[in-house]
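In what follows, a single structure is set out as structure tokens and then discussed.
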Amino acid sequence: MKKTITTALALLLINVALPAVAKEKSKQQAPVRPEQKVVRAVRADGPISIDALLDEPVWKGPASNGFTQSDPKDGAPSTEKTDVWVAYDDKALYIAAYCYDSDPKAIISRLGRRDAEVDSDWFMFAVDPYYDRRTGFLFGVNPAGSIMDEVLSNDVEDDESWDGVWEGKAHVNGQGWTVEMRIPFNQIRFPKKDEYVWGVNFQRIIKRKNEKASFSWVPKSETAYVSRFARLEGISGINPGTHLEILPYAVGQAQLRPSEQGNPFETGHKALGNMGFDLKVGLKSNLTLDSTVNPDFGQVEVDPAVVNLSAYETYYEEKRPFFIEGASIFDGFGRGGVYINADINWPMPTFFYSRRIGRAPQGYITQGGDFSIIPDRTTILGAAKITGKMGGWNVGFINALTSREFAQIDASGLRLQEEMEPFTYYGVLRAQKDINEGQHGIGFMATGVTRNIRTEALSILLNKNAFSLAIDGWSFLDKSRNYVIGGWFGGTRVEGTAEDILGLQNSSMHYYQRPDADHVEVNPYATSLSGWGGRLSFAKQGGNTVCLLSLGALSPGFDPNDVGFQYSASDIINFQFLPGYSWTKPGRVFQQVILAGGVFRNYDFGGNKIWDGALILSEGQFRNFWRFSAMAAVNPETISNRLTRGGPLALLPWGYQLELKVETDSRKPVVFEVDGMIYRRPDDGTEWQAELSLNWKPSSNFSLSIGPEYMGETTGVQWITKVDDPMMMPTYGARYVFGHLDQRIVAAELRLNWTFTPRLTLQAYLQPFLGVGTYSRFKELAQPKTFDYNVYGEGESTIAYADGLYSVDPDGGGPAAAFSFGNPDFNVKSLRGTIVLRWEYLPGSLLYFVWTQNRADYAHPGDFRLRRDLGDLLMAPGDNIFLIKVSYRWSL
């Protein structure tokens, strides 16, 4: 019953650096924006060895220095000196840095896997080779030689999924530590010119002091990054070059699981092998083509276990490298320019959700048989992706083809097959253009899905075609870019058979069949469904005072789910107003803090107020570098158009939510995090959650995190089923059955990271999960728009339980028909784990060894006993997958 407030509030502060608390508010002054610095690149007159010794002549010239803190003292000079040099030759850009330190023995040096920003000192170099003041690349090296790289977008956003092929080394000496980087020009891409001006910045983290200092400083009260880079001058006479990479791979897999007597599909063992290749081609100096033939899209890490009792699907993160690399061009749709976001009970529609491609087959078996097996994923025959810039536009284009998938059926020795997923094409096109160096922007996204459906069963279940088209944009209202307005608007259209579209109209995304809704109506003959959606936001995101005002709407027919994702139903009008204030100087108690609050409200297109509330939150850091966040919210009584899942409106009682999170100093060898939440409706029930997380770092190359979690929920109105009954006139000829649910979840996540070298790592992940739900006190909605329910077994009604069925007579000896439903109690036990050894034996060439295990047990539904349930889980038979994968990178 808890609404999605917590996640939304966290998003409010995304990419907005937390400021610090002043001793006296009246003493705060608006920071003076520094003039743009200039860095001069020098052409190397000889070879440069990437060893971090800095003994080449090119590093003996004048250095760039003068770093300024953003933490812990915003605007103060860095406490340690840093000298930086930039050089280049015909093929690459070179960066050298001398990070002086007054106490070299105190330098924090930790080994970590690639892109793991471990708690250590760091030196980072960021470059904007297009000089569009909004995009770029970032490269980081720490004293242990660990590396990280990111793609920068939308001025303040970053995407660490990109893995460039570059070199970085570090060396610790008696005066501090040194860094040397070599970044090939074909990795960063830029248009060919006679002379170049790029944006550039350098950043240093001194972890023992929690100090972060930058060459080109941005006050913490301002929301900007790439747009404030220094100018890099002096590069000329170079060619971006042709970029061609071929990455063939081979994979072998052994699956071991318990055999099933008589089942020809479960013999206990299976061996699989596959080969293919990826191709990366620089089409022009600023466009890249990624294509893959017979790709291996298996996941290295398993998805977490969940208990989902809602009518909507669970969102899982993308983990396949082909799709996550360069995803920022697609993920940034609708968010350009507006850096602060909150999505309080907004369904957060996305037009492209890459996990739709290669998803599990959606069909079901209609033929009889003794045994059957359905593939766990759809085979991707091939995929291609183009990203980069063309004619001033940022462009992303994905095409993918997936094959038909069949269930194999054994009927007394006779082998049959039935199609579960049709041959399908997926296409996504995204383009976005900056105007006046990012002062304004405009873009669009178009998607298309086409299925070649050949069977009647699939034609009833799946849409034949699905299309979407949407535009987005933003405009800063002042030169300082403190005020901005931005948003998006678009539409969707799906096509299919009349049976398919009828099912879609009645699905949880639309519920056109609601008997008391006069703004929607089921059309049983329709062969298409269309809808529109949009959102407009105004934000003040610079200075100490921040503010976000958003208005969004999704029409009842809006549906992006064939290749996109939407967390909950359409038919919504959403409003939110969230002002806040941040402080920019350290105080006696706080190092940094922000205080915000606001109101929010939702309506449907019939004018029903379906959500309402107000909140206050604070997030910050104490002087001892402990972090905290706290939130309180209240929700007045509202109407729900989803509780009865296609039935009449129902009342939701008022409720309130409290949340507190505290994290200790991340520099310490042991870091604790405590997180607690409670959401309570006094007239209904309570949901709560408590989590304790421990991160142990006993050495510079090893870390172990353990996060046990306990969750519980009690509610009197958990959905059970709908029973048609013309005698139930108050609720339009149907009985909407609910039950009292008492749910308990005990779970934990364990992660181990052991880094032998920056290119050789071992990772382990384990998630035990126990979820138990007990139902009782079954009832039916008595009157629409109320919280009145008829409890079975009270008055004239009767209820009895036998052989796994509840039998209900709603009026005893009256004329209403009796009915029954199955026992909804559950006891879900799961153990999922993965161990991955990753070795980058050559730059861009990888070798993986992977062991994945899954265990599950469902005994004792509705009865929670921790010791017994854990024993059942550990004794449950396991599915084991052993995988080895090798790839080799050829660069031409």
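The values are calculated or read from the model by the stated rules, or taken from the named source; none is laboratory data. The structure displayed is predicted, hence computed values, not measured ones. Using ideal geometry, Cβ is built from the backbone for each residue, glycine included, and neighbour counts are taken over all protein chains shown. SASA here: full protein model, heavy atoms, side chains in, ligands and nucleic acids out. Shrake-Rupley method; radii C 1.70, N 1.55, O 1.52, S 1.80 Å.
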### Task
Please calculate the 1.4 Å probe accessible area of LYS661, with all protein chains present, and give it to the nearest 10 Å².
70 Å²
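Given the pairs LYS385/LYS697; LYS81/LYS433; LYS37/LYS280; LYS37/LYS668; LYS81/LYS105, which span a C-alpha to C-alpha distance of over 28 angstrom in this model? Walk me through the intermediate numbers first.
On the way: LYS385/LYS697 39 Å; LYS81/LYS433 39 Å; LYS37/LYS280 36 Å; LYS37/LYS668 36 Å; LYS81/LYS105 16 Å.
Exceeds cut-off: LYS385/LYS697; LYS81/LYS433; LYS37/LYS280; LYS37/LYS668.
Run the dipole for the stretch 381-436 about the Cα centre, Lys and Arg Cβ at +1, Asp and Glu Cβ at -1, nothing else charged, and hand back the magnitude in debye, nearest 20. Don't skip to the answer; put the middle values down first.
Numbers: 6 positive and 6 negative charges, 99 e Å.
Its charge dipole is roughly 480 debye.
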### Solvent exposure ordering (accessible area, 1.4 Å, most first) of ASP604, ASP51
ASP51, ASP604
### Task
Please work out the Cα center distance from the stretch 719-754 to the stretch 191-234, rounded to the nearest Å.
52 Å
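Give the residue list of chymotrypsin sites (Phe, Trp or Tyr not before Pro) in the stretch 851-889 that are DSSP loop and have at most 13 other beta-carbon atoms within 10 angstrom. Intermediate values should be presented prior to the final figure.
Details: sites: TRP851, TYR858, PHE864, PHE882, TYR888; in loops: TYR858, PHE864, TYR888.
Here the sparse-neighbourhood loop sites are TYR858.
Which percent of the accessible area of the chain is formed by carbon and sulfur heavy atoms (probe 1.4 angstrom)? All intermediate terms of the calculation are to be shown ahead of the outcome.
Details: 21370 of 37620 Å².
Taking all protein chains in place, the chain shows 57 percent carbon and sulfur surface.
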### Message
I'd like the distance separating the alpha-carbon centroids of the stretch 808-882 and the stretch 491-506, in whole Å.
### Response
33 Å
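Can you give the charge dipole size of the stretch 77-202 about its Cα centre, rounded to the nearest 20 debye, using +1 on the beta carbon of Lys and Arg and -1 on the beta carbon of Asp and Glu?
Once rounded to the nearest 20, the dipole reads 300 debye.
With a 1.4 Å probe and every protein chain left in place, work out the accessible area per residue of the chain in Å², rounded to a whole number.
Details: 37620 Å² over 892 residues.
With the other protein chains kept in place, the chain gives 42 Å² per residue.
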#### Entry: Between helix 866-875 and the chain: long-axis angle, C-alpha atoms, 0 to 90°, nearest 10
80 degrees
### Task
Determine the sum of side-chain charges near GLY388: Lys and Arg each +1, Asp and Glu each -1, restricted to other residues whose C-beta is under 10 angstrom from that of GLY388.
+3
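Hand me the chymotrypsin sites (Phe, Trp or Tyr not before Pro) from the stretch 319-392 located in a DSSP loop with no more than 14 other Cβ atoms within 10 Å, in residue order please.
Qualifying residues, ordered by number: TYR364.
Local charge sum around HIS740 (other residues, Cβ-Cβ under 15 Å, Lys/Arg +1, Asp/Glu -1)? Intermediate values should be presented prior to the final figure.
On the way: positive: ARG681, ARG744, ARG777, LYS779; negative: ASP683, ASP684, GLU687, GLU713, ASP742, GLU780, GLU794, ASP825.
Net charge in that neighbourhood comes out at -4.
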### Message
Roughly how far apart, in whole Å, are the Cα centres of the stretch 349-370 and the stretch 135-169?
### Response
35 Å
### Task
Mind grabbing the accessible area of MET390 for me, 1.4 Å probe, Å², rounded to tens?
100 Å²
### Task
Please name whichever of GLY844, VAL808, PHE778 sits farthest to the positive end of the charge dipole of the stretch 776-892, dipole taken about the Cα centre and charges placed at Cβ: Lys and Arg +1, Asp and Glu -1.
GLY844
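Shape call for the stretch 115-260 from the C-alpha gyration tensor, a ≥ b ≥ c root eigenvalues: rounded (a/c under 1.5), prolate (a/b greater than b/c) or oblate?
On the way: a/c = 1.78, a/b = 1.29, b/c = 1.38.
Oblate, since a/c reaches 1.5 and b/c is not below a/b.
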### Task
Please give the FRET efficiency for TYR888 paired with VAL674, using the beta carbon to beta carbon distance and R0 = 41 Å, rounded to the nearest 0.05.
0.35
### Query
Using unit Cβ charges (K, R positive; D, E negative) and no other charged atoms, how large, in debye to the nearest 20, is the dipole of the chain about its Cα centre?
2680 debye
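So for the stretch 117-253, if I pair up every lysine 8 or more residues apart or on another chain, how many of those pairs have alpha-carbons under 21 Å apart?
On the way: LYS169/LYS207; LYS169/LYS212; LYS207/LYS220; LYS209/LYS220; LYS212/LYS220.
Close lysine pairs found across the stretch 117-253: 5.
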